[in-house]
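First the structure, in the form of structure tokens, and then the observations on it.
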Amino acid sequence: MSFKDIVGQEKAIKILKKSVQENRISSSYIFVGNKGVGKKITALEFYKAMNCLNINKNNEACDNCEVCSKINRQCCPDLKIIKPIKDLIKIEQIRELRKDIEIKPFENKKEIYIIDQADQMTLEASNCLLKTIEEPPDYVVIILICLKLDPLLLTIISRCQIINFRLISSLQIKKLLLNKINNLKEERAELISKLAQGSIGKSFSLLSDKEYFNQREKLLEHLATIFPGKYDPHIFINIEKMITEIDRMEETLEIIISWYRDILMIKKLGTQKNIINSDKLEVISEISRNYPLKILMDILDYSEQIQEYLKKNVNKHLVLERLYLKMVGLEYCLK
Ligand SMILES: [Zn+2]
């Protein structure tokens, strides 16, 4: 593995390579971007490039020397990865990091602390980390990895170099899947690359996730029976059951959003190019004829809000019922 094997993050990697080349490595970074787009692997490659014994002219680590091999196996004493324990990074973990940081690197030029899911740090942990970020020893590099910047303290953000990681195009994901997986059919690679919505990590987990595809099939079958103006309590009960009984609510809502977004795309743009549910094209085209644009926009607006509502412990039944009313356009008709 090396920088050149990381797909779709050319801009981020260019910045990091340049800092290695010019020997101007910052002491703290924030790698921000969606799940599964290559933030952690880039952090490890970056660390290899800082310390590799045979770095090439292109600022890529050799992947063979003693240092690279140890980092690849993640058994390098100067590489520390801090992760949430039960969804939180607590002050004790950051206190330990602060103690650890006092000790110079054992083997390498630099020592690195990768704080994975840094947006899960408690306020106390964040304040404790801030002290280190303000005055880090020159041999230390801290990389905070997160999905969004908002949950981080402004005082932390302002002291770090921010590296943005973008979503990967479905075409790039498809190519990668076809390259890496033997006997993968092109249609399947196409569908998975679109369902992954920019995340390579998700595309690989979907490859073997039969349960996801079973649930998706059932859910789309239900959704295909919904039409504007046709309220059917049985359909609502089925959908509610599906969404609340499985422990993958977030993914289920994502499927619903992708379904209505596809219908909207076909309705509005008449193009099949960016359709996510590429295996359901016929049904989606058919349904798009029956849905007024306004109702589709309404459904999508509300579905995107729902994820936030559900985190706040609101009454699921009410939220889902309202979503269903939007799907059949009742709310729109009553406005
Ligand atoms: Zn090397």
Net charge contributed by nearby residues that have their C-beta within less than 13 Å of SER26 (K/R +1, D/E -1)
+2
Which of ARG73, ARG95, ARG322 ends up with the largest GNM mean-square fluctuation for the chain, with Cα atoms connected below 10 Å?
ARG73
To the nearest 20 debye, what is the magnitude of the charge dipole of the chain about its Cα centre, counting +1 on the Cβ of each Lys and Arg and -1 on the Cβ of each Asp and Glu?
680
Would you work out the charge dipole size for segment 3-164 about its Cα centre, treating the Cβ of every Lys and Arg as +1 and the Cβ of every Asp and Glu as -1, and quote it to the nearest 20 debye?
280
Amide H within-cut-off set for ILE114, under 5 Å, with H built and near neighbours excluded
LYS80, ILE81, ILE82, ILE143
Counting only DSSP beta bridges fully inside the chain, the antiparallel percentage to nearest 5 is 5
Using every alpha carbon pair in segment 3-164, what percent of pairs falls into each 5 Å bin from 0 up to the bin containing the largest distance?
2, 9, 20, 22, 22, 15, 8, 2, 0
Quick P(r) readout (the chain; Cα-Cα; 20 Å bins; whole %) gives 26, 48, 24, 2
Global form of segment 209-334, assessed from the alpha-carbon gyration tensor, a/c cut-off 1.5
oblate
Which one, ASN64, LEU79, CYS52, is farthest towards the positive end of the dipole of segment 1-86 when Lys and Arg carry +1 and Asp and Glu -1 on their Cβ?
LEU79
Based on a Kirkwood Rh over C-alpha pairs, give the Stokes-Einstein translational diffusion coefficient of segment 169-208 at 25 °C and viscosity 0.890 mPa s in µm²/s.
260
How high is the relative contact order of the chain? Use alpha-carbon pairs under 8 Å, at least six apart in sequence, and give a whole percent.
16
Summing +1 for each Lys or Arg and -1 for each Asp or Glu, what net charge is found among the other residues whose Cβ lies under 12 Å from the Cβ of LYS180?
+1
Of LEU153, SER208, ASN238, farthest towards positive along the dipole that unit charges on Lys, Arg, Asp, Glu beta carbons give segment 139-258
LEU153
So, in Å, what gap is there between the alpha-carbon centers of segment 238-292 and segment 9-44?
35
Using alpha-carbon pairs under 8 Å, 6+ residues apart, how would you state the relative contact order of segment 3-164 in percent?
31
Net charge over other residues, Cβ less than 12 angstrom from the Cβ of VAL319 (K, R count +1; D, E count -1):
+2
Could you work out [θ]222 nm for the chain from helices alone, using -39500 (n - 2.57) per DSSP H run of at least four and dividing by all its residues? Round to the nearest 500 deg cm²/dmol.
-16500 deg cm²/dmol
Equivalent ellipsoid, segment 172-269 (semi-axes from 5 times Cα gyration tensor eigenvalues, Å)
28, 16, 11
With N residues in segment 25-79, Rg(alpha-carbon) / (2.2 N^0.38 Å) equals 1.17
Where the centre of each part is set by its Cα atoms, how far does segment 178-213 sit from segment 77-114, in angstrom?
34
Taking amide H positions as placed in the peptide plane 1.01 Å from N, state which residues far from MET121 in sequence (5 or more) or on other chains have amide H under 5 Å from it.
ILE89
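Where a number appears in this text, it was derived from the coordinates with a stated rule and is not lab data. Just so it is clear, the model here is predicted, and its values are computed rather than measured. Neighbour counts run over all protein chains shown; Cβ positions are idealised from the backbone, glycine included.
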